[in-house]
Amino acid sequence: MSRNHIRFLAKTVLVKDNQIEPAYRVLDSILRQENFFSEVKRKERYEKPTVKRSRLAYERCRRIYDSEMQRKIAFVMRKNRPDPFLR
């Protein structure tokens, strides 16, 4: 299989028994997950370089914050930790 074929299959939504709505929901969730709609909306108008830099900085900070929060939540959710409040 070629790389292009694999990329095509990854974004292909199959319609079963002519039921379009479930397939459309799957397609919509894929596009939302990849931020397709926000990217299209952002490219409708010219974005000034200063605005672009600040947006990219914000997105970078947001990714760092989210990853740190996921790490902290995973630590708190671990079950086999010793009890810190021993009597």
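Remark: LEU27 matches the filter, which requires a residue to be touching a residue at least 12 places away in the same chain (Cβ under 8 Å) and out of contact with any His (no Cβ under 8 Å at 6 or more places or on another chain). Of all residues in region 30-87, those that are closer than 30 Å to LEU9 by Cα and among the hydroxyl-bearing types (Ser, Thr, Tyr) total 2. LYS43 passes all but one of (1) open to solvent by 100 Å² or more (accessible area, probe 1.4 Å); (2) under 18 Å from the mean Cα position of the chain (by Cα); (3) of a type in the set (Lys, Arg); (4) modelled with pLDDT of 90 or more; which number fails? Result: LYS43 fails condition (2) only. Within region 46-84, being of a type in the set (Phe, Trp, Tyr) and surrounded by 10 or more Cβ atoms within 10 Å (Cβ to Cβ) holds for TYR58, TYR65.
For region 3-14, the count of residues that are charged (D, E, K, R), surrounded by fewer than 10 Cβ atoms within 10 Å (Cβ to Cβ) and at pLDDT below 90 is nonzero. Inspection of region 25-34 finds a residue satisfying the criterion of being modelled with pLDDT of 90 or more and open to solvent by 100 Å² or more (accessible area, probe 1.4 Å).
The values are calculated or read from the model by the stated rules, or taken from the named source; none is laboratory data. Since this is a predicted model, take the numbers as computed values, not measurements. Cβ atoms come from the backbone with ideal geometry, glycine included; neighbour counts cover every protein chain shown. Keep in mind that these areas ignore ligands, DNA and RNA; they rest on the heavy atoms of the full protein, side chains included. Shrake-Rupley method; radii C 1.70, N 1.55, O 1.52, S 1.80 Å.
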